[in-house]
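Note sheet for the following structure.
The values are calculated or read from the model by the stated rules, or taken from the named source; none is laboratory data. In this text, all values refer to a predicted model and were calculated from it rather than measured experimentally. Counting neighbours? That spans all protein chains shown, and the Cβs are built from the backbone with ideal geometry, glycine included.
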């Protein structure tokens, strides 16, 4: 995805409708969606590649240039002439988001990558960590997930979307937020340790995940595994922008695991990283230096 920002000042309402008139002072683009996850990983000094579909359009060209600037290995493709690059345009007046405009076209949940392409990419992922950011746009099909989860020995971490979680069966870790957990469990869940742990355990068992990590906003996170649940609190902080926070959390998890840390330690650090990025403006990628500061603060050694 491409994140497009239009920022300016607003001192009066429009005579045409009760909305502010924003005088544009700045306009810029940033990597969004799975590309923002890749940007976070790269910013922590880890090589990575990104796979996804884009359109053969201007926004696709901009996104490709941003990936090249970050030295992110680019496997993005345009599946057909109708595909467009998913773009989220946010209009900011001062420090307040006025409106978000989404330009996207969801592809059918089919094998848009093609079987040969999937197998070729899966061969490259064998023995590595694979991070799946499923935004429900049509790439993360059952056939793709089958190859990643069943046909090689990669450890797969998933940021889920939609109601078909059967396709994630066998994942190393799935990271829903509380709202997504409520939807997949078809029940309201109070944001308490006990309630999240109880429902999360049922979901983890039902769908066959090794671990389920539930992000709970200001209440932190809950990690649910076969041995039980662990709860990770977080200090309150002034929230500036929550966009991309989930991307940072799962990116930090993957980097920490790749560096040889155990999962509990990885979650502790990712929890603090999520707190950091929501205090930053726009879609923010955590740096290696900031990650190291968090590790020192948490007394995390090698």
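Could you go through the stretch 2-22 and let me know if any residue there is at pLDDT 90 or above, assigned to a helix (DSSP H, G or I) and closer than 26 Å to residue 175 by Cα.
no
If a residue must be within 25 Å of residue 286 (Cα to Cα) and in contact with a strand residue (DSSP E or B) (Cβ under 8 Å, 6 or more places away or on another chain), how many such residues does the stretch 9-40 contain?
Qualifying residue count for the region: 14.
Just a yes or no: is a residue in the stretch 253-260 under 20 Å from residue 179 (Cα atoms) and at pLDDT below 95?
The answer is no; no qualifying residue exists.
Tell me which of these residue 215 doesn't satisfy, since it passes every other one: (1) under 22 Å from the mean Cα position of the chain (by Cα); (2) free of Cβ contacts under 8 Å to residues at least 12 places away in the same chain.
Of the numbered conditions (1) under 22 Å from the mean Cα position of the chain (by Cα); (2) free of Cβ contacts under 8 Å to residues at least 12 places away in the same chain, the odd one out for residue 215 is (2).
Got a sec? Which helices (runs of 4 or more DSSP H) wholly within the stretch 149-258 have at least 3 residues that are in contact with a strand residue (DSSP E or B) (Cβ under 7 Å, 6 or more places away or on another chain)?
Answer list for the stretch 149-258: 193-207, 245-258.
If we scan the stretch 62-72, do we find a residue that is under 20 Å from residue 280 (Cβ atoms), surrounded by 16 or more Cβ atoms within 10 Å (Cβ to Cβ) and at pLDDT 95 or above?
The answer is yes; a qualifying residue exists.
I'd like to verify a number: residues in the stretch 138-148 that are outside any helix (DSSP H, G or I) and without any contact (Cβ under 8 Å) to a residue 40 or more places away in the chain, how many?
Result for the stretch 138-148: 2.
Test each condition in (1) more than 15 Å from the chain's Cα centre (by Cα); (2) modelled with pLDDT of 85 or more; (3) closer than 22 Å to residue 90 by Cα for residue 238 and report the one that comes out false.
(2)
Those residues that are without any contact (Cβ under 8 Å) to a residue 12 or more places away in the chain and assigned to a helix (DSSP H, G or I), I need them from the stretch 59-92; list them, please.
61, 65, 68, 69
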